[in-house]
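Participant: My structure is below; once you've seen it, I'll send some questions.
The values are calculated or read from the model by the stated rules, or taken from the named source; none is laboratory data. Computed from a prediction, not measured in an experiment: that's the story for all the values here. Note that we place each Cβ from the backbone using ideal geometry, even for glycine, and neighbour counts take in every protein chain shown.
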Amino acid sequence: MHQQILRCAQDGSGESESWLFLRLDYSHAHDPASHTITLMPQKTFYRTDRVSAQLRRELGTLVHAAVREHGLPMMSVSDVEVTRDLAHAKVFVTALQPERAAEAMKALKALAPEIRYQLAHSVKMRHVPELHFHYDESVDEGERIENILRTLPELNTDADAEDDNEGDNEGEGEQA
């Protein structure tokens, strides 16, 4: 029985590289129809995901300290996306006071080199990515949608209450 294991690189999404392992079985070399291909499990870890998670933790602490030190409105790091070559990182931040978010974003962008320098001392990486701060509007959008939903009239609860009352009356008649 002769087996050969091949490693084929696939790049499905364009952002993360995954590996697919194939095992070719040449047990019957004279009969090409009997050759079998077996798919082996695929690795599911990505270095960029691990680096993003580590940077999110460290940057959360560093941004909090910078905000307190410079008297900026409270900001928190919601997500970090790192490029495949680890040269750049998009840092998404949210503000507790959305009306002062522009002021805080301007200050964070100015402080980016200093924060990157501090980040280099707190993580064990040969090259620390260049930081690009972006305001994460998803929290604000979620709050806006929630406020809209709260203002909608509660039509379903009135109809459900009437159905429950009718069901209770029918049950009482049968018991008597």
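Participant: Given the conditions (1) under 18 Å from Gln54 (Cα atoms); (2) out of contact with any Pro (no Cβ under 6 Å at 6 or more places or on another chain); (3) assigned to a strand (DSSP E or B), which single one is not true for Ala89?
Facilitator: Unmet for Ala89, out of (1) under 18 Å from Gln54 (Cα atoms); (2) out of contact with any Pro (no Cβ under 6 Å at 6 or more places or on another chain); (3) assigned to a strand (DSSP E or B): (2).
Participant: In addition: Residues of region 124-147 being among the hydrophobic types (A, V, I, L, M, F, W, C) and at pLDDT 90 or above, which ones? Can you show your working first?
Facilitator: Going residue by residue through region 124-147, those that are among the hydrophobic types (A, V, I, L, M, F, W, C) are 125, 128, 131, 133, 139, 145.
Val128, Leu131, Phe133, Ile145 - these are the residues of region 124-147 that are among the hydrophobic types (A, V, I, L, M, F, W, C) and at pLDDT 90 or above.
Participant: When both residues are 6+ apart or on different chains and their Cβ atoms are under 6 Å apart, which pairs have a first residue that lies in region 91-115 and is among the polar types (S, T, N, Q), and a second that is in a strand (DSSP E or B)?
Facilitator: What qualifies is Thr94/Ser76; Thr94/Ser78.
Participant: While we're looking at this one, here's another question. When both residues are 6+ apart or on different chains and their Cβ atoms are under 7 Å apart, which pairs have a first residue that lies in region 132-144 and is not assigned by TED's automatic domain parsing to the domain that holds Ala87, and a second that is among the acidic types (Asp, Glu) and part of a helix (DSSP H, G or I)?
Facilitator: Between residues of region 132-144 that are not assigned by TED's automatic domain parsing to the domain that holds Ala87 and residues that are among the acidic types (Asp, Glu) and part of a helix (DSSP H, G or I), there is no close pair.
Participant: Within region 66-73, is even one residue under 18 Å from Tyr135 (Cα atoms), in contact with a His (Cβ under 8 Å, 6 or more places away or on another chain), free of Cβ contacts under 8 Å to residues at least 60 places away in the same chain and not in a helix (DSSP H, G or I)?
Facilitator: Taking region 66-73 first, the residues under 18 Å from Tyr135 (Cα atoms) are 66-67, 72-73.
Filter once more, so that each one left must be in contact with a His (Cβ under 8 Å, 6 or more places away or on another chain): none.
The answer is no; no qualifying residue exists.
Participant: Residues that are exposed (fewer than 13 other Cβ atoms within 10 Å of the Cβ) and in a helix (DSSP H, G or I): does region 132-140 have at least one?
Facilitator: yes
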